[in-house]
Amino acid sequence: MTYRPDFISFDCYGTLINFEMGPTAERLFSDRIDPPQMKSFLGAFKAYRLDEVLGDWKPFFEVVTNSIRRACETHGVEYRESDGQALYDAVPTWQPHPHVVEVLEAIAPHYPLVILSNSMVDLIPSSVAHLKASFHAVYTAEEAQAYKPRKQAFEHIFDQLGCAPDRMVHCSSSFRYDLMTAYDLGFMGKAFIDRGHEPTSTEYGVSRLTDVRQLPALLGL
């Protein structure tokens, strides 16, 4: 199946940019957590990040700080006030996954590219610059006053673009944050870039791509 959308929207971190929150935390806590405990600790940190974005909007710094503090409390690990800042400051340094830049540059002349990210207005520009391609628009959770997977985050871009979801394709490596909601909202297409960092499903009408270089063909390019 190929799609001819009016816009193609992307999750940023994890899908386009290599989301290194876990590896960054692993390095940060290597002197406080024994190796056998680290996997469980990082799993808790990841789960608390999702929990933190499901309520009313708060700055992403608070999402990160609250999540790592809660993971420390759960595992009896020393929490330092500097931990959240170190994790937050690492975000702009993360780089694109392989082949992402070339794929975006191949698609951009044919379809307007849009980013919808669980990020901040002052945080996202560095990451977008790493992607190099020309984006029609970049939207953040801060502007929407809601994080994905909440529908409000997606509804913000529909309003801003003047476009209904059935005229859009959304691309993400995450079912929990993106693709389940995209399914509920009735996106024309849902491209799942399988990067192996979440459980997968066949029940949400996604086009599963094992390599981002398969994306242009899904768009008839």
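Can you give the Kirkwood hydrodynamic radius of the range 21-91 from its Cα pairs, in Å with one decimal?
12.0 Å
If I take every Cα pair under 8 Å that is 6 or more residues apart in the range 21-91, average their sequence separation and divide by the length, what percent do I get for the relative contact order?
37 percent
Within 10 Å of each residue's Cβ, count the other Cβ atoms and sort SER134, SER172 from fewest upward.
Going from sparsest to densest Cβ surroundings: SER134, SER172.
To check you understand DSSP bridge types, tell me what percent of the beta bridges within the chain (both residues inside) are antiparallel, rounded to 5.
In the chain, DSSP labels about 5 percent of beta bridges as antiparallel.
Kindly provide the pair-distance distribution of the range 84-159 built from C-alpha pairs, with 10 Å bins from 0 and whole-percent values in order of increasing distance.
18, 44, 35, 4
Please compute the contact order of the chain in relative form: average sequence separation of alpha-carbon pairs under 8 Å and at least six residues apart, divided by the residue count, as a percent.
Relative contact order here is 27 percent.
Going by average Cβ neighbours within 10 Å, how do the peptides 203-210, 187-194 rank, with the highest at the top?
Highest-to-lowest ranking by the protection proxy: 187-194, 203-210.
So for THR200, THR24, fewest C-beta neighbours within 10 Å to most, what's the order?
In order of increasing Cβ crowding within 10 Å: THR200, THR24.
Taking other Cβ within 10 Å of each residue's Cβ, how do TYR139, TYR183 sort, fewest first? All intermediate terms of the calculation are to be shown ahead of the outcome.
Details: TYR139 21, TYR183 17.
Arranged by neighbour count, lowest to highest, TYR139, TYR183 become TYR183, TYR139.
Counting only helical runs of four or more DSSP H residues, what would the 222 nm mean residue ellipticity of the chain come to if each run contributes -39,500 (n - 2.57) and the total is spread over all its residues?
-12000 deg cm²/dmol
So, counting K/R as plus one and D/E as minus one, what does the shell of residues with Cβ under 12 Å around LYS39 add up to?
In short, -1.
If the cut-off is 28 Å between C-alpha atoms, which lysines fall inside it for LYS151, apart from same-chain ones fewer than 8 positions away?
LYS46, LYS58, LYS190
Residues with beta-carbon under 13 Å from that of PHE154, excluding PHE154: net charge, scoring Lys, Arg +1 and Asp, Glu -1?
-3
Decide, for the range 1-47, between rounded, prolate and oblate: order the square roots of the alpha carbon gyration tensor eigenvalues as a ≥ b ≥ c, take rounded if a/c falls under 1.5, and otherwise choose prolate if a/b is larger than b/c, else oblate.
Cα axes put the range 1-47 in the prolate bin.
Here, each number is a calculation from the coordinates, and none is a lab measurement. Everything quoted here is computed from the prediction, not taken from an experiment. All Cβ positions, even for glycine, are placed from backbone atoms using ideal geometry, and neighbour counts span all protein chains on display.
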